[in-house]
């Protein structure tokens, strides 16, 4: 009996030591500092909200997931599941422009919007822009459209390129890249381009080719 009691006491001591070791490990884990700046300060789902600028309602935002990081050096918002952003007229709240994409990142310090994946932009005049990635500088009201850019006006004129700038303050498009434009029953190829937003007045700086629209030998844009 004494020997059994002796083994029982040893077993209890071993259990206590193991339990103490687990607590110590847990204590070490819980004492680690968590960097709050790496965590979102707000997580919202299935959001539709209005955003203001200088006291005026300017945008309507619709998104499945909105992550706000307000504790970082550059506070920013992340929309990992896509974003629909509508710019509203300040007087009557009509939609001036709408943009849809697969994901977006907005830096609140620089006021730069970085968007990627299946981007579609519609303006109030009936024009449409599609591309794979884009940046929007809110301060300059300047879009940088990149990768497989297609711009189509209401009357059917179309531009295809891999980079285009859209200056909304000057109401114009411009590019130094290779462009292909279909307008007035012909297709123009060249480098360097500038036009108004409706694509009705334009200039191609270095024209490489002018081909009738019905010419089946004309290659497709890649």
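Put simply, of 157, 177 the only residue that is over 19 Å from residue 101 (Cα atoms) and modelled with pLDDT of 95 or more is 177. One residue stands out in segment 18-44 among those that are closer than 22 Å to residue 103 by Cα and outside any strand (DSSP E or B): the one that is modelled with the lowest pLDDT, namely 37.
Being surrounded by fewer than 16 Cβ atoms within 10 Å (Cβ to Cβ), modelled with pLDDT of 90 or more and more than 26 Å from the chain's Cα centre (by Cα) is a property that holds for residue 201. One residue alone among 137, 132 is in contact with a strand residue (DSSP E or B) (Cβ under 9 Å, 6 or more places away or on another chain), crowded, with 16+ Cβ neighbours inside 10 Å and under 22 Å from residue 101 (Cα atoms), and that residue is 132. Test residue 131 against the stated conditions and say whether it is in contact (Cβ under 8 Å) with a residue 12 or more places away in the chain, under 12 Å from the mean Cα position of the chain (by Cα) and closer than 23 Å to residue 201 by Cα. Yes: the conditions hold for residue 131.
The values are calculated or read from the model by the stated rules, or taken from the named source; none is laboratory data. Worth saying up front: this structure is predicted, and the values here are computed from it rather than measured. Cβ sites come from the backbone with ideal geometry, for glycine too, and all protein chains shown count toward neighbours.
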